[in-house]
Amino acid sequence: MKRIAVMTSGGDAPGMNAAVRAVVRYAVNKGLEIYGIRRGYAGLLDEDFIPLNFASVGGIMEKGGTVLRSSRCPEFVRKETRAEAASILKKHNIEGLIVIGGEGSLHGAMFLEEEQKVPVVGIPGTIDNDIAMTDMSIGVDTCLNTVVDAIQKLKDTASSHERAFIVEVMGRTSGYIATVSGLVTGAEAVVIPEVPVNYEALANKILRERERGKINCIVVVAEGAASAYTVARHLEHRIGYETRITILGHIQRGGSPTAFDRLLASRMGVAAVENLTRGQSFVMMALQGGKIVPVKLDEVLKQKKGLNMELVELAALLS
């Protein structure tokens, strides 16, 4: 294998740049030509290729987002579109592809090899931590630290004015961000897709705490469970607090990656190149028990990573 390419696809996650940097520098050290594909699968179809070298990736590790940029590519669900993509890679003499992204991006990678025989290796990059068979994905730790920092600041003003804040965080199908951030900030409750919410019981619990002298209240809501406005409508006038709503939105995706995410991305990037050049493709790099290991792409994607319910119970117990 002499020439490979790397892309970032789907939603951006802090640490993607660190992974790109590791892929490029390790590939160059192994004597490979390395190309970046800008704008994910859409850029692949548009032949938006750029040669990369040591200088290309200098100073990018600490940056959020992705220097290769990203996009959604709905047409990639069609087999004929994937065949066109494979032809383009062949035209540019790309012998292997590393895809950094979430579930949809990894599905695209899987089909490229399964149908079109393009050797691929995936790296999980998504803030939701919803990719199976890996303990963590790139971007999760940074996102959590961003959310925790925001909630701690909201608690300051909540205490000052004796208010309740309903904080909406990302998580369309997974309550991981809401659960962990709520747990480590001492939130009164988390509302997540995995657990039906009893608004009457929740309101009574918050009211009891208020009557015992508590001067602030934080409820963390995953966007896939309900909107912050819905939760506030069910709780206001019943919990003894003025209610305010904060929707953190895309601020959760940005920011300089934490040391954990930089290290995880660097390890996965090196391992991806190593596996690809050894002929071990059709895999995703996974963190399991502190080690980076290859796991079969099809096995990853036929599973759904469930939320650890012990965390949910712990959050409820300590709230």
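The values are calculated or read from the model by the stated rules, or taken from the named source; none is laboratory data. Just so you know, these numbers come straight off a predicted model, no measurement behind them. Every residue, glycine among them, receives a Cβ derived from its backbone with ideal geometry; neighbour counts consider all protein chains shown. Side chains are part of the model used for accessible areas, which takes the heavy atoms of the whole protein and leaves out ligands, DNA and RNA. Shrake-Rupley method; radii C 1.70, N 1.55, O 1.52, S 1.80 Å.
Pick out, from LEU44, VAL23, ILE4, the residue whose Cα sits farthest towards the positive end of the charge dipole of the stretch 1-152, with +1 on the Cβ of Lys and Arg and -1 on the Cβ of Asp and Glu.
The listed residue farthest towards the positive side: ILE4.
For the stretch 1-151, rounded, prolate or oblate, judged on the Cα gyration tensor with a ≥ b ≥ c (square roots of eigenvalues), a/c < 1.5 rounded, else prolate if a/b > b/c?
Cα axes put the stretch 1-151 in the oblate bin.
Any chance you could check the Cα centroid distance between the stretch 27-84 and the stretch 124-161 for me, in angstrom?
27
Nearest 500 deg cm²/dmol is fine: what mean residue ellipticity at 222 nm does the chain get from its DSSP H runs of n ≥ 4 alone, each adding -39,500 (n - 2.57), divided by its residue count?
-13000 deg cm²/dmol
Counting Lys and Arg as +1 and Asp and Glu as -1, each charge on the Cβ, what is the dipole of the chain about the Cα centre in debye, to the nearest 20?
Dipole size: approximately 520 debye.
Let me make sure I get this right: for the chain, a, b and c are the square roots of the gyration tensor eigenvalues over alpha carbons, sorted descending. Under 1.5 in a/c it's rounded, otherwise prolate if a/b > b/c, else oblate. Which is it?
Prolate is the answer for the chain, as a/c is 1.5 or above and a/b outweighs b/c.
Can you compute 3J(HN,Hα) from phi for each residue in the stretch 202-210, using the Karplus curve 6.51 cos²θ - 1.76 cosθ + 1.60 with θ = phi - 60°, rounded to whole Hz and x for Gly and Pro?
5, 4, 5, 5, 5, 5, 4, 5, 5
Would you check the accessible area of ILE4, probe 1.4 Å, heavy atoms only, in square angstrom rounded to 10?
We get 0 Å² for ILE4.
Under a point-charge model restricted to the Cβ atoms of Lys and Arg (+1) and Asp and Glu (-1), what is the dipole moment magnitude of the stretch 133-214 relative to its Cα centre, in debye to the nearest 20?
Result for the stretch 133-214 is approximately 280 debye, rounded to the nearest 20.
Of the beta bridges DSSP finds with both residues in the chain, what % are antiparallel, to the nearest 5?
That works out to approximately 25 percent antiparallel.
For the stretch 261-317, just say rounded, prolate or oblate: build the C-alpha gyration tensor, square-root its eigenvalues into a ≥ b ≥ c, call rounded for a/c under 1.5, and beyond that prolate if a/b exceeds b/c, oblate if not.
It is oblate, given that a/c is not under 1.5 and a/b is not larger than b/c.
For LYS296, list the aspartates and glutamates whose Cα falls under 20 Å from its own Cα; do not include residues on the same chain fewer than 8 positions away.
LYS296 reaches GLU95, GLU103, GLU113, GLU114, GLU115, ASP130, ASP135, GLU274.
Nearest 10 degrees is fine. How inclined is helix 176-185 to the longest principal axis of the chain, computing both from alpha carbons?
Around 50 degrees separate the two axes.
If you plug each phi of the stretch 275-284 into the Karplus form 6.51 cos²θ - 1.76 cosθ + 1.60 with θ = phi - 60°, what whole-Hz ³J(HN,Hα) values come out, in order, with x for Gly and Pro?
In residue order, the calculated couplings are 5, 4, 6, 7, x, 9, 9, 6, 9, 10 Hz.
Listed highest first by mean packing, meaning other Cβ atoms within 10 Å per residue, what order do 177-184, 150-157 come in?
Highest-to-lowest ranking by the protection proxy: 177-184, 150-157.
Just reorder GLU310, GLU194 by solvent-accessible area, largest first, 1.4 Å probe, all chains present.
In descending accessible area the options line up as GLU310, GLU194.
With unit charges on the beta carbon (Lys/Arg positive, Asp/Glu negative), name the residue among GLY122, VAL191, LEU202 whose Cα is farthest towards the positive pole of the charge dipole of the stretch 89-218.
Positive-end residue among those listed: LEU202.
Restricting to lysines 8 or more places apart or on different chains, can you count the pairs in the stretch 73-217 with Cα atoms under 25 Å from each other?
Lysine pairs meeting both conditions in the stretch 73-217 amount to 10.
Under 13 Å from a point 7 Å along the Cα-to-Cβ line of LYS205: which residues of the stretch 174-193 have their amide N that close?
Inside the label zone: 179, 182-183, 186-192.
What size of dipole, in debye to the nearest 20, comes out for the stretch 91-155 about its Cα centre when the only charges are +1 on Lys and Arg C-beta atoms and -1 on Asp and Glu C-beta atoms?
That gives the stretch 91-155 a dipole magnitude of about 280 debye.
Between GLN152, LEU317, ASN93, whose Cα lies farthest towards the positive end of the dipole of the chain when Lys and Arg beta carbons carry +1 and Asp and Glu beta carbons carry -1, centred on the Cα centre?
ASN93
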